[in-house]
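*Asks:* Structure provided below as structure tokens; questions to follow.
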Amino acid sequence: MAINNPYATYQNNSVNTSTPGELTLMLYNGCLKFIEQGKRALEEGRIEEKNKSIQKAQAIISELMLTLDTSYPVAKNMLVLYEFANSRLIDGNIKNDSAFFDEASSIITEFRDTWKQVIQINRQKQYGSVDGI
């Protein structure tokens with residue numbers, strides 16, 4: 001229960017008070033976290049844990065895909081890259097090969113870093129500051 005857990009309360013408040021852009025950044029970071037957890041679990045032979053972590057990363061990618069507005073040409077290109085990253089996670093999960101996870105992680109890292117820059121530029125335009133990210 002969040003009331004008894006200060007960390008859970010903080011997380012809940014972070015999500016509830018974040019802008020849509022910040023939420024997207026959280027999704028990217030969460031996806032990367034789960035990919036790393038999956039890689040670590042694979043290295044340690046914890047196959048079930050690997051599978052759970054990779055499936056969580058896939059769920060995040062699916063959510064990112066669903067929220068794209070494909071009326072913009074760039075979104076269609078992003079969709080292709082999300083699909084590719086997702087396929088790399090599936091292949092890595094099936095074949096127990098972390099090289100596939102690295103490929104997916106690389107794509108998501110690029111998206112995350114670009115998104116972070118967009119947020120910083122927008123903040124700078126809005127508030128004259130890029131602090132806080």
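*Asks:* Show the residue pairs that are 6+ apart or on different chains and have beta-carbon atoms under 7 Å apart, the first residue being within segment 79-93 and more than 17 Å from GLY38 (Cβ to Cβ), the second being modelled with pLDDT of 95 or more.
*Replies:* Within 7 Å, the pairs are LEU79/MET65; LEU81/ILE107; TYR82/ILE61; TYR82/LEU64; TYR82/MET65; PHE84/ILE107.
*Asks:* Does ALA99 satisfy being more than 14 Å from the chain's Cα centre (by Cα), among the small types (Gly, Ala, Ser) and closer than 20 Å to ASN51 by Cβ?
*Replies:* yes
*Asks:* Hey, among ASP113, ASP91, which residue is modelled with pLDDT of 95 or more, part of a helix (DSSP H, G or I), surrounded by fewer than 13 Cβ atoms within 10 Å (Cβ to Cβ) and charged (D, E, K, R)?
*Replies:* ASP113
*Asks:* Tell me yes or no: at least one residue of segment 19-34 is touching a helix residue (DSSP H, G or I) at 6+ places or on another chain (Cβ under 9 Å), closer than 17 Å to ILE90 by Cβ and small (Gly, Ala, Ser).
*Replies:* no
*Asks:* Another question, if that's okay. Please determine, by comparing only the residues of segment 94-105 that are surrounded by 13 or more Cβ atoms within 10 Å (Cβ to Cβ) and out of contact with any Leu (no Cβ under 8 Å at 6 or more places or on another chain), which one is nearest to MET65 (Cα to Cα).
*Replies:* GLU103
The values are calculated or read from the model by the stated rules, or taken from the named source; none is laboratory data. Only a predicted model underlies this, so the values are computations on that prediction, with no experimental measurement involved. Here Cβ is always computed from backbone atoms with ideal geometry, including for glycine, and neighbour counts include all displayed protein chains.
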